[in-house]
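Since the structure comes first, as structure tokens, the remarks are kept for the end.
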Amino acid sequence: MSGRPRLAFLGLGWIGRHRLEAIHHAGRAGIAMLCDPSTDAVASASALVPAAMTGTTMDDILARADDLDGVVIASPSALHASQSIAALEAGLAVFCQKPLGRNAPETRAVVAAARAADRLLAVDLSYRHTAAMQAIRPLLQQGDLGEIFAVDLTFHNAYGPDKPWFYDARLSGGGCVIDLGVHLVDLALWCLDGQRVTGVTAQLFAGGRPLPHRTGDDAAAVEDFAAVTLTLEKGTVVRLACSWKLPAGRDAVIGAAFYGTGGGAAMRNLGGSFYDFTAERFDGTAAQALASPPDDWGGRAATDWAARLADGAGFDPDCERLVTLAEVLDRIYAGGVDVREQARPGTVD
């Protein structure tokens, strides 16, 4: 389709409401339907778009699929894959919160459904859209930093999620890696031309104690700290550290640093902020500023999807990267074992 797409929103908690407001204010799509099990959440969102239809579940959206062009999904992780597939099979484009699936088989099934339906699918990997990463990626793509041999990724959150399902791997897919680390692993693979991951080592902890790796129907415990090393096909070493509830002395420590034979570059958060980032280019001991706050980046992934949908975009082959990303996470959870053909609990058949 082209023109002004009609969108439904499923899940109107904090992040769903934020993406609703971003798309509404961008003006490239119409907000046609609001759905959430909480009548209070629906009522609050309806104040912004009073003409929108309302409902509570994906079934309500599917019943009105002929009146819609796409759906924005911000429901609990366990529902993402099945809801996305249902929407795509009904002919709706999908913008989904991460993770798209709790494992690679779920993710692969959603991407296959998008391909079969020729519908635009995107996931809210929002850090790609920060001004900081938009400044750094071209340096890497153009070879300005030489051969990249090391990448350091950090995402420590002094808090943990406030909903119980996050702490059950059968519902969430995992802990801090799939919740936070996914953003930074995505950035590394996205910036480095999707290089194949040839090696994975991972140490996962829960409450300060090592957590056994999962390869099948294992315990539902999730990690709150992870130290991961990925080796890429060109020899680049990527180190990831991420956590929930780490006593870091500030709300958050977030960064992605790239080091090459011709220099380095890094994005870092300022003062423990979850939202304010700088980007710098390094040459020996010298640093050059590339980007700094303010930068209202949080809704850009959603508004970009809505704009592409308005322009008539169908299936985007780039979303195949989502499967690769999920495969890497599965290998992390398996402690480095290649589990691309192995499903963790919750596989969509």
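Tell me yes or no: at least one residue of segment 290-299 is in a strand (DSSP E or B) and farther than 26 Å from Ala122 by Cβ. No, the conditions are met nowhere in segment 290-299.
Could you go through segment 82-91 and let me know if any residue there is within 18 Å of the chain's Cα centre (by Cα), of a type outside the set (D, E, K, R) and surrounded by fewer than 20 Cβ atoms within 10 Å (Cβ to Cβ). Yes. Scanning segment 188-204 for residues that are surrounded by fewer than 19 Cβ atoms within 10 Å (Cβ to Cβ) and of a type in the set (Val, Ile, Thr) returns Thr198, Thr201. Can you find a residue in segment 286-301 that is assigned by TED's automatic domain parsing to the domain that holds Trp165 and more than 25 Å from His129 (Cα to Cα)? Checked against the condition, which is being assigned by TED's automatic domain parsing to the domain that holds Trp165 and more than 25 Å from His129 (Cα to Cα), segment 286-301 yields at least one hit. The sole residue among Ile61, Ile23, Ile73, Ile31 that is surrounded by fewer than 23 Cβ atoms within 10 Å (Cβ to Cβ) and among the aliphatic types (A, V, I, L, M) is Ile31.
Being surrounded by fewer than 19 Cβ atoms within 10 Å (Cβ to Cβ), in contact with a strand residue (DSSP E or B) (Cβ under 9 Å, 6 or more places away or on another chain) and among the β-branched types (Val, Ile, Thr) holds for only one residue in Thr154, Thr56, Thr130, and it is Thr56. If only residues of segment 169-195 that are modelled with pLDDT of 95 or more and charged (D, E, K, R) are counted, the one that is farthest from Gly143 (Cα to Cα) is Asp179. A search for C-beta distances below 9 Å between a residue of segment 231-247 that is in the same structural domain as Leu153 (by TED's automatic domain parsing) and any residue that is in a loop (DSSP other than H, G, I, E, B) and of a type in the set (Val, Ile, Thr), counting only pairs 6+ apart in sequence or on different chains, returns Trp244/Val222.
The values are calculated or read from the model by the stated rules, or taken from the named source; none is laboratory data. Since this is a predicted model, take the numbers as computed values, not measurements. Cβ atoms come from the backbone with ideal geometry, glycine included; neighbour counts cover every protein chain shown.
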